[in-house]
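> One structure follows; several queries about it will come next.
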Amino acid sequence: MELIQMEHLSEVLKILDGALTHDSRKAVDYANLLAEKLEGDGQRRQAGAVRSALAKRPVRSFSAAGLRSLPIDDASQAETIDIVNPVDDADDDLVLAPLAQEQLNEFLLSIANFDRWQAEGVAVPNRLLIVGPPGTGKTSLARAIARAVRLPLATTRSDALVSSLLGQTSRNIREVFDFAQAHPCVLFLDEFDALAKMRADSREVGELQRVVIALLQNLDALPESSIVIAATNHPELLDRAVWRRFGHRIKLELPRASDRQRLWTHFLSGKVNLEASDFDQLVVASDGMSPAAIQAAASDMVRSALRSGRGGLTLPIALRRLARTLWDDYEVFDNPASEMRALRTWQPKVFTVRALAELFDVSTRQVTNATRG
Ligand SMILES: Nc1ncnc2c1ncn2[C@@H]1O[C@H](COP(=O)(O)OP(=O)(O)O)[C@@H](O)[C@H]1O
Ligand SMILES: [Mg+2]
């Protein structure tokens, strides 16, 4: 059996890099190059295997020429959109609440049937508004949708979109929509409330109004079959006339207990040994955490289990990690004693004197002293 030769390692690494950075164009380009090199070496069978793997997953991606012509904000000279090509087997499944999952399925169904439903006069334009607090998966969901429909995702960079030049923001918006008109893509207006912040800093009273008008005109001019997704944490900040254009809605919320159960299972199962009853404790303790925070805490737990070498994760270790994520925003412990006290106050049944002694690798007497008073 022939093996991939070391002189092709650089192509393999580039393909890997493309896959890991969700840059399928890069992966595809280097896979083609690899096929050519293998052929040049007389490795016909291997070259054929690479080519047929490529043919199995055709990915629509932008040519290098298309990428060179991204719209730019005149004031900052920054590109106003960012292109990511979909990668089919990317491993970032989302755990969604049942209602959100249903809304997602409906949107995908609507996209798939758009032409047929339009012929019947019952189509809803392919416009989706995703609303939800930070870390609930808005950006990830847009990426997942682009992947599902096999189109590149063109994400607006709201910092560059909102220009310091008077009148330039409206021009930037028009250029972004022109781009979406000219290239098959999913247009993603991420963190869209940034536009509404213009109202606060009222350099010029008419500016926001002009921006809203530009948005309405451009949205209306874009074919209804074009997919536009907007995500925001604050839908109330932007003009209702804009949101009304988005007939599809997905509301993401902080996960309820049943969804937190699925999230912990999703991020931990197969990676650590944790008793079922301990899982239940994590579910209770993570009330109010976003999926992103749960993911961060879970990764922390996995690292901790790997470091300990036992593969097993005890409840005190897990909850300590969870607490660090949970309290991250407002609590910095300057010494072990204050962390011990906080843990003990939080969950006295789990953080017994004995458990704390083991966790912090000190004597029970030291724990008693530290947590007293
Ligand atoms: N519902 C979810 N299920 C699984 N992972 C999630 C979910 N929501 C967020 N995450 C994780 O958290 C990270 C940040 O989420 P992101 O999509 O940026 O959230 P948002 O855009 O709403 O702030 C993602 O990379 C993803 O791995
Ligand atoms: Mg986001």
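The values are calculated or read from the model by the stated rules, or taken from the named source; none is laboratory data. If you're wondering where the values come from, they're calculated on a predicted model, not measured in any experiment. Here the Cβ positions follow ideal geometry from the backbone for every residue, glycine too, while neighbour counts run over all protein chains shown. The area values use the complete protein model at the heavy-atom level, side chains included, leaving out ligands, DNA and RNA. Shrake-Rupley method; radii C 1.70, N 1.55, O 1.52, S 1.80 Å.
> When only residues in the stretch 259-273 that are in a helix (DSSP H, G or I) and farther than 14 Å from Asp93 by Cβ count, which is nearest to ligand 2 (Cβ to nearest atom)? Walk me through how you get there before you give the answer.
Going residue by residue through the stretch 259-273, those that are in a helix (DSSP H, G or I) are 259-268.
So of that shortlist, the ones also farther than 14 Å from Asp93 by Cβ come out as 260-261, 264, 268.
Numbers: Arg260: 20, Gln261: 24, Trp264: 22, Leu268: 24 Å.
Filtering first and then ranking leaves Arg260.
> Going residue by residue through the stretch 113-132, is there one that turns out to be open to solvent by less than 60 Å² (accessible area, probe 1.4 Å), within 15 Å of ligand 2 (Cβ to nearest atom) and in contact with a Pro (Cβ under 9 Å, 6 or more places away or on another chain)?
Looking only at the stretch 113-132, we keep the residues that are open to solvent by less than 60 Å² (accessible area, probe 1.4 Å), and these are 113-114, 123-132.
Keeping just the survivors that are within 15 Å of ligand 2 (Cβ to nearest atom) gives 128-132.
From what's left, in contact with a Pro (Cβ under 9 Å, 6 or more places away or on another chain): 129, 131.
Within the stretch 113-132, one or more residues are open to solvent by less than 60 Å² (accessible area, probe 1.4 Å), within 15 Å of ligand 2 (Cβ to nearest atom) and in contact with a Pro (Cβ under 9 Å, 6 or more places away or on another chain).
> Further question on the same structure: Kindly indicate whether any position in the stretch 222-230 is assigned to a loop (DSSP other than H, G, I, E, B), touching a Gly at 6+ places or on another chain (Cβ under 6 Å) and either open to solvent by 20 Å² or more (accessible area, probe 1.4 Å) or under 23 Å from Lys138 (Cα atoms) (or both).
Our first condition is that a residue be assigned to a loop (DSSP other than H, G, I, E, B); within the stretch 222-230, this holds for 222-226.
When the remaining residues are screened for being touching a Gly at 6+ places or on another chain (Cβ under 6 Å), the result is none.
Within the stretch 222-230, not a single residue is assigned to a loop (DSSP other than H, G, I, E, B), touching a Gly at 6+ places or on another chain (Cβ under 6 Å) and either open to solvent by 20 Å² or more (accessible area, probe 1.4 Å) or under 23 Å from Lys138 (Cα atoms) (or both).
> Restricting the first residue to the stretch 290-314 and requiring it to be within 20 Å of Ala355 (Cβ to Cβ), which pairs with a second residue that is within 11 Å of ligand 1 (Cβ to nearest atom) meet a Cβ separation below 6 Å and a spacing of at least six or different chains?
So the pair list comes out empty.
> Here is a list of conditions, (1) part of a helix (DSSP H, G or I); (2) in contact (Cβ under 8 Å) with a residue 40 or more places away in the chain; (3) closer than 30 Å to Pro348 by Cβ, and Ser277 meets all of them except one; can you say which number that is?
(2)
> Here is a follow-up. Out of curiosity, is Ala148 within 15 Å of the chain's Cα centre (by Cα), closer than 25 Å to Leu54 by Cα and open to solvent by less than 10 Å² (accessible area, probe 1.4 Å)? Spell out the reasoning first.
Details: within 15 Å of the chain's Cα centre (by Cα): yes; closer than 25 Å to Leu54 by Cα: yes; open to solvent by less than 10 Å² (accessible area, probe 1.4 Å): no.
Considered against the rule, which asks whether it is within 15 Å of the chain's Cα centre (by Cα), closer than 25 Å to Leu54 by Cα and open to solvent by less than 10 Å² (accessible area, probe 1.4 Å), Ala148 comes out as no.
> From Ser299, Ser286, grab the single residue that is within 24 Å of Phe360 (Cα to Cα), hydroxyl-bearing (Ser, Thr, Tyr) and open to solvent by less than 30 Å² (accessible area, probe 1.4 Å).
On the way: Ser299 fails: open to solvent by less than 30 Å² (accessible area, probe 1.4 Å).
Being within 24 Å of Phe360 (Cα to Cα), hydroxyl-bearing (Ser, Thr, Tyr) and open to solvent by less than 30 Å² (accessible area, probe 1.4 Å) holds for just one of Ser299, Ser286, which is Ser286.
> Only one residue in Ala293, Ala230 is within 21 Å of Asn126 (Cβ to Cβ) and within 16 Å of ligand 2 (Cβ to nearest atom), so which one is that?
Ala230
To keep it simple, each residue is scored yes or no on (1) surrounded by 20 or more Cβ atoms within 10 Å (Cβ to Cβ); (2) assigned to a helix (DSSP H, G or I); (3) in contact (Cβ under 8 Å) with a residue 40 or more places away in the chain; (4) assigned by TED's automatic domain parsing to the domain that holds Ser290.
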position: Thr325; (1), (2), (3), (4): yes, yes, no, yes
position: Asp334; (1), (2), (3), (4): no, no, no, yes
position: Thr345; (1), (2), (3), (4): no, yes, no, yes
position: Phe351; (1), (2), (3), (4): yes, no, no, yes
position: Arg365; (1), (2), (3), (4): no, yes, no, yes
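> Being open to solvent by less than 60 Å² (accessible area, probe 1.4 Å), near ligand 1 (Cβ under 8 Å from one of its atoms) and modelled with pLDDT of 95 or more narrows it down to one of Leu104, Leu108, Leu96, so name that one. Talk me through it step by step, then tell me what you get.
On the way: Leu104 fails: near ligand 1 (Cβ under 8 Å from one of its atoms); Leu108 fails: near ligand 1 (Cβ under 8 Å from one of its atoms).
Criteria check complete, one pass: Leu96.
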